[in-house]
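Enquirer: First the structure, which I've put down as structure tokens, then a few questions once you've had a look.
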Amino acid sequence: KEVQDGFVKFLIPYYIQKNEPNSTFDYRNYINDLRQGNVDQFVLRMRALFADTPYELIKDLENHYQNQVWLLHKLLGMYVQAEYRTSYGRIDMVLQTPKFCYVIEFKFDGSAQDAIDQIKSKDYTLPFELTGQQIFRIGLNISRETRNIEDCIIEKQA
């Protein structure tokens, strides 16, 4: 984990120098938002990323968006798992930083409330409750029409 963190903090910025704005997505701010638990801002950055994706590349499937988010975090050197298996089901995505654990459920043309209800009813956060991390439940609904996050519910677990 220390090597991974060192890579993300020191080597990636060295090799990927960003001198002038040539992208609408700033990976450094995104990583900082995740590490600081700024969930609203990191969801907003995901929305901006989806909005900047050419419509010809988008598939009308839930796992298309899940794959995009998984790949983004994997390339950024973050700890991310898709289809995390529990005794009662599969979590769409688990994203962890040293201080935070994000349990994310995606819905496609459904509702963010259904996603949150699924996280709760299947106790998806239970495997992470002794990690010492602050846990966030995130329910995302992706709209077929807008090809973006239409609704999002974020709950901080006590």
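Enquirer: Provide Leu34, Leu126 in ascending order of the number of other Cβ atoms located within 10 Å of each residue's Cβ, fewest first.
Expert: Ranking Leu34, Leu126 by Cβ neighbours within 10 Å, fewest first, gives Leu126, Leu34.
Enquirer: Just to be sure I understand the model, the point goes 7 Å from the Cα along the line to the Cβ. What's the resulting Lys74 to Lys99 distance in nm?
Expert: Placing both labels 7 Å along Cα→Cβ, they lie 2.8 nm apart.
Enquirer: Could you give the nm distance between label points at Gln36 and Lys120, where each point is 7 Å from its Cα heading toward the beta carbon?
Expert: Each label point is offset 7 Å from its Cα along the Cβ direction, giving 3.0 nm.
Enquirer: Any chance you could run the full-extension gain for Tyr88 through Lys59? It's 0.36 nm times the residue separation minus the Cα-Cα distance, nm to one decimal.
Expert: 7.6 nm
Here, each number is a calculation from the coordinates, and none is a lab measurement. The structure displayed is predicted, hence computed values, not measured ones. We place every Cβ from the backbone using ideal geometry, glycine too, and count neighbours over all the protein chains shown.
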